[in-house]
Structure formats: C-alpha cells, structure tokens
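To start, the structure itself, in structure tokens.
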Amino acid sequence: MDEESLREMMHTNHTSAFAWALCCCHGDRDEAAEVLHTAYVQVLEKGQRSFGGKSSFKTWLFAVIRNTAKKRRSQISRRIAKLQSLVMRNRIQDGEAESHYYQSQIREKILLLLRRISPRQRQILQLVFYHNLTLEEAASVMNVSLGSARVHYERGKARLRDEMRKAGWEHV
Amino acid sequence: MSKNGDRNIESVFKKLREEEEKITPEFHRILSAEKSPGCAAGWNLWWRPAAVMLLSALIVGPVLYVSFHESGSHELEIPSELEGWESPTDFLLSLNDASLDSSLSEIGTTLWTEEDLANLEN
C-alpha cells in the first residue's frame, strides 16, 4: 500500500480514530491529539511494510493507536514517578484534562458513567457499540483472545446496565 | 431485558459519538506536527531539571578538572633547589653503634675546646 493510499484511509477513519484515541487517553483531548499524530506518523513510516491486510485497515489503525497511547502513558507514568510529582499528575489528569474533555454536559454524564466500569471493559464496549467492530475485531485491537474479549464484553455490559439503572438511565 | 439493555447501551454510545464528532480536530492539523499544549506541559516538566543538571555539569565539571590537575601537579613537581638537599642528620642513619659511641663526648666534659672559644672571641 503506497503512502497516498494510507493517507486517504487515515483521513476516512479520522473521526473514529480520534474518538478511539480519546478513549485510550482517558478523555484527554491534547494527549489524544498527540497520540494520534504519533500513530499517523508511524503508519506513514511503517505502514507500507507493517500493514499486511490480514485485518481491516481500521482494526489495524486502532491497534496502532492503542499501543501508542499505552506506550506514551507508561513513559509519562515512569517520568512522573521519578519526579515524585504525584500531585501534579492528579491535577493534570483529573483537573485540566477533564476540563477539556467535559465540555458538554451530556458527554460529561456519559463519561462519568463509563468511568464506573474497568478501562478494559470500557474499551471493548466502545469498540463494539461506538465503532461497530465485531467482537473478533475488538479482540484483535485489544490484543486479547476472543474468549477474554467476550468475558470483558459481557461483564462490561452487565456492569454498565447496573450503573445506568443506579443513575436512572434506563430509558435513554 | 438483555436486548433492551443492549439498546440502551447503544444509545449511550451513540450520544457519545455525536458529542465527540463535534470536537474532533481536522485530519491535516493532527497529521502536521503541531505540538499541543499537553505536550508542552509534559516538556515543561523535563526541561527545567535537565537544564539545571546540564548547567551544574558545565560549572562543576571544569572546576573539578582544574582542581584535580592542580593538586596532581603539586605532588609531582619538586623545586630544583630542594633536589640536592640533604638533612644534616642523614649521617646518623648510616652510622653504626660503635662509631656513634666513640664520637659522643663523655658526660661532664665541655663541648667547646679552647681553640673554639678563641675563634669565637676573634
């Protein structure tokens, strides 16, 4: 696949890719933009060799984004741990980032609801319900077995339904 | 219940998608290497300690280097006037016991001969 085709496919999937980056970055818009930029650069640099066409481009791109976000977060965490600025991290993660993320009231409510389930369950549910991926594709993006993905999916749904009931969201 | 629950979950994610589509930045803006404020904040965490360490290395390094070399040169360099100097008591180290006994004056005798005193007077 040549560079022009890669650019075109990234452009086509851009909105979904950004939403997925947001999900992987716990809602931090700036971080999501940074991760997505890094992922796009990686795709352009390595995509011609790395993308084998075994999965759909979207699934492959999502896996690249997830890995990029994971790597970035672990780097940030290590640095922050070294600097012992836990307080600052909490401020950035919970305060400044969320102030960007929670711009809309509806979105804020949904994200608060989604925060009540585990990150892995949230990501599986987002891939299936938000991005319309199959469970197999979601498992591929998450780099987990289909069985494991199914467990996260079912438990995530049960937990989310429970939380929606508690929050009075039964009839959205 | 489950189907209905799934529909509710679908509608939650549908609403979330609608909201997030509004805030998605343009593709070309993301692809171009435009640094976000988040990145700048992350960088700010690092450049200060890094700059302090670099400055410390630049200041302390040459000072240590010079002091090390100066102290080393003091140890190695011997002034020329001291090179041939010998202690007046060095001969005692090579004198055997018998010679030492015979060269010492007996107790009660004067150390000064009449000749020595005459020389002093002159």
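For the range A:127-147, how many residues are buried (at least 18 other Cβ atoms within 10 Å of the Cβ) and among the hydroxyl-bearing types (Ser, Thr, Tyr)? Can you show your working first?
Quick first cut of the range A:127-147, residues buried (at least 18 other Cβ atoms within 10 Å of the Cβ) only: A:127-131, A:133, A:137-142.
Adding the requirement that they be among the hydroxyl-bearing types (Ser, Thr, Tyr) leaves A:130, A:140.
Residues flagged as buried (at least 18 other Cβ atoms within 10 Å of the Cβ) and among the hydroxyl-bearing types (Ser, Thr, Tyr) within the range A:127-147 amount to 2.
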Task: Given (1) at pLDDT below 85; (2) within 14 Å of another protein chain (Cβ to nearest Cβ); (3) in contact with a helix residue (DSSP H, G or I) (Cβ under 9 Å, 6 or more places away or on another chain), index of the condition B:Leu95 fails - done: (2)
- [ ] Consider B:Ser67 carefully, then state whether it is under 44 Å from the mean Cα position of the chain (by Cα), modelled with pLDDT under 75 and of a type in the set (S, T, N, Q).
- [x] no
- [ ] Go through (1) under 23 Å from A:Ile110 (Cα atoms); (2) touching a helix residue (DSSP H, G or I) at 6+ places or on another chain (Cβ under 6 Å); (3) more than 9 Å from every other protein chain (Cβ to nearest Cβ); (4) not β-branched (Val, Ile, Thr) and name the single condition A:His26 misses.
- [x] (2)
TODO: Could you check, for the range A:2-16, whether at least one of its residues is among the hydrophobic types (A, V, I, L, M, F, W, C) and more than 18 Å from the chain's Cα centre (by Cα)?
DONE: yes
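Evaluate the following for B:Trp85: is it within 30 Å of A:Ala69 (Cβ to Cβ) and either exposed (fewer than 10 other Cβ atoms within 10 Å of the Cβ) or modelled with pLDDT under 75 (or both)? Give the derivation first.
On the way: within 30 Å of A:Ala69 (Cβ to Cβ): no; either exposed (fewer than 10 other Cβ atoms within 10 Å of the Cβ) or modelled with pLDDT under 75 (or both): yes.
So B:Trp85 does not fit the description; no.
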Open item on the list: Return the residues of the range A:29-65 that are touching a helix residue (DSSP H, G or I) at 6+ places or on another chain (Cβ under 6 Å) and not in a helix (DSSP H, G or I); say none if nothing qualifies.
Closed with: A:Phe51, A:Ser55
Open item on the list: So, in the range A:34-55, exactly how many residues are surrounded by 15 or more Cβ atoms within 10 Å (Cβ to Cβ), under 15 Å from A:Met1 (Cα atoms) and of a type in the set (S, T, N, Q)?
Closed with: 2
Task: Residues that are closer than 22 Å to A:Arg120 by Cα and within 12 Å of another protein chain (Cβ to nearest Cβ), drawn from the range A:29-66 - done: A:Arg29, A:Asp30, A:Glu31, A:Ala32, A:Ala33, A:Glu34, A:Val35, A:Leu36, A:Ala39, A:Ile65
Task: Hits in the range A:118-154 (condition: within 13 Å of chain B (Cβ to nearest Cβ) and outside any helix (DSSP H, G or I)) - done: A:His131, A:Asn132, A:Leu133
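The values are calculated or read from the model by the stated rules, or taken from the named source; none is laboratory data. For clarity, every value in this text was computed on a predicted model and none was experimentally measured. Methodologically, a virtual Cβ is constructed for each residue, glycine included, from the backbone with ideal geometry; neighbour enumeration extends over all protein chains shown.
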